[in-house]
């Protein structure tokens with residue numbers, strides 16, 4: 001295993017550029033992918049969240065990076081700085097990204113990517129200045145441990161990459177399952193084409209509709225109108241710091257808004273198991289973050305203690321599929337209002353939930369759809385649980401493969 005600075009195993013190391021915001025030409029007709037630091041941190045980036053115009057490429061020094069360029073975040077809030085990704089198509093980046101084009105005759109780009117992910121803290125420790133930013137010169141001189149033979153590097157990368165590919169595949173399957181379940185739900189309870197007594201789509205087959213003044217729309221005859229609070233209970237989490245574990249006391253990891261997005265990490269807080277049972281979260285529970293970040297999800301990250309600013313949504317009246325999709329659908333309504341007003345909705349209160357109005361089918365009909373959709377939601381949870389196990393295996397293998405504790409047996 002040799003140690004070499006990145007500049008000795010790379011063809012080019014440079015930062016990106018942010019074209020002048022005041023120059024409309026650079027931002028009109030945008031079709032060139034332009035990556036910013038907040039997008040970094042996942043392994044593969046296939047497209048950018050923002051775009052710039054061809055004119056920006058022609059009239060500034062910004063350049064397209066070739067496929068499989070490694071990009072490191074030099075600036076960024078929270079955990080962003082030091083994050084690394086692989087750009088999987090020709091893209092530009094802003095000036096806060098350090099872009100590395102490795103020499104593939106010397107090193108395997110995926111091997112270098114995986115090595116850099118083990119060096120997150122070391123990269124961040126290079127930060128300097130008042131704002132604690134990285135600079136491209138320090139990154140150029142950053143030492144990489146490289147097996148002498150290229151095929152050894154590739155063998156290590158393949159093992160780790162196969163785990164990541166399975167995780168990525170599970171994520172795609174889960175997204176498709178979620179979309180499929182939502183499509184069926186919308187067909188039944190938004191378009192009102194649930195099967196009628198003859199098995200035909202209710203509304204399309206002439207089922208009787210009644211205009212509702214509260215909703216300002218027609219709903220099926222016999223349906224009720226009520227609030228989200230009437231179909232489910234919204235239990236707020238607790239201030240977990242008040243339940244800090246003492247000594248060797250058994251504890252849960254804390255589910256904050258960050259954990260809703262990224263799952264548990266080594267830096268997740270701990271909370272005593274003596275918290276109220278109603279704020280203990282299990283896989284399959286519906287969570288609703290109501291402050292700052294508005295999100296609804298079915299949790300699959302393992303048993304945890306729920307922090308304040310997140311509701312645990314349950315119901316004794318209706319099945320999970322009904323209240324999950326109704327809350328999810330109404331969340332879009334809240335976001336739409338915020339977008340139309342060009343404001344950020346700081347949080348959702350119990351009053352917002354009481355003021356909401358939704359159409360409610362019969363118990364029999366809600367249960368009938370639940371029978372169809374609940375197995376799909378359970379498959380999504382299973383896929384997420386498998387991903388957590390795969391990620392733990394990858395993260396366990398990663399440092400040992402990089403420092404030679406574990407080797408790949410040659411075929």
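For the reader, a short list of remarks on this structure follows.
- Filtered residues of the range 363-411 (kept if within 17 Å of residue 180 (Cβ to Cβ) and over 27 Å from the mean Cα position of the chain (by Cα)): 369, 371
- Screening residue 33 on (1) closer than 28 Å to residue 395 by Cβ; (2) part of a strand (DSSP E or B) shows it passes everything except condition (1).
- Flag if residue 142 is crowded, with 17+ Cβ neighbours inside 10 Å, in contact with a strand residue (DSSP E or B) (Cβ under 9 Å, 6 or more places away or on another chain) and not assigned by TED's automatic domain parsing to the domain that holds residue 109: no
- Residues within the range 266-310 that are in contact with a strand residue (DSSP E or B) (Cβ under 9 Å, 6 or more places away or on another chain) and part of a loop (DSSP other than H, G, I, E, B), tallied: 18
- From the options 77, 58, 90, residue that is out of contact with any strand residue (DSSP E or B) (no Cβ under 6 Å at 6 or more places or on another chain) and either buried (at least 16 other Cβ atoms within 10 Å of the Cβ) or modelled with pLDDT of 95 or more (or both): 90
- If only residues of the range 124-146 that are part of a helix (DSSP H, G or I) and under 23 Å from residue 67 (Cβ atoms) are counted, the one that is farthest from the chain's Cα centre (by Cα) is 140.
- Among the residues making up the range 165-190, those that are more than 30 Å from residue 204 (Cβ to Cβ), out of contact with any strand residue (DSSP E or B) (no Cβ under 8 Å at 6 or more places or on another chain) and in contact (Cβ under 8 Å) with a residue 24 or more places away in the chain are 166, 167, 170, 171, 173, 174.
- Residues that are buried (at least 17 other Cβ atoms within 10 Å of the Cβ) and assigned to a helix (DSSP H, G or I), drawn from the range 353-369: 353, 365, 366, 369
- Some residue of the range 4-19 being within 24 Å of the chain's Cα centre (by Cα) and outside any strand (DSSP E or B): no
- Failed condition for residue 249, given (1) in contact with a strand residue (DSSP E or B) (Cβ under 9 Å, 6 or more places away or on another chain); (2) within 28 Å of residue 325 (Cα to Cα): (2)
- Counting the residues of the range 102-115 that are in contact with a helix residue (DSSP H, G or I) (Cβ under 7 Å, 6 or more places away or on another chain) and outside any strand (DSSP E or B) gives 8.
- Residues in the range 121-134 that are at pLDDT 90 or above and either in contact with a strand residue (DSSP E or B) (Cβ under 8 Å, 6 or more places away or on another chain) or farther than 15 Å from residue 81 by Cα (or both) were compared, and the one that is surrounded by the fewest Cβ atoms within 10 Å (Cβ to Cβ) is 123.
The values are calculated or read from the model by the stated rules, or taken from the named source; none is laboratory data. Quantities reported herein were computed from a predicted structural model and do not represent experimental measurements. Glycine also receives a Cβ, built like all others from the backbone with ideal geometry; neighbour counts cover every protein chain displayed.
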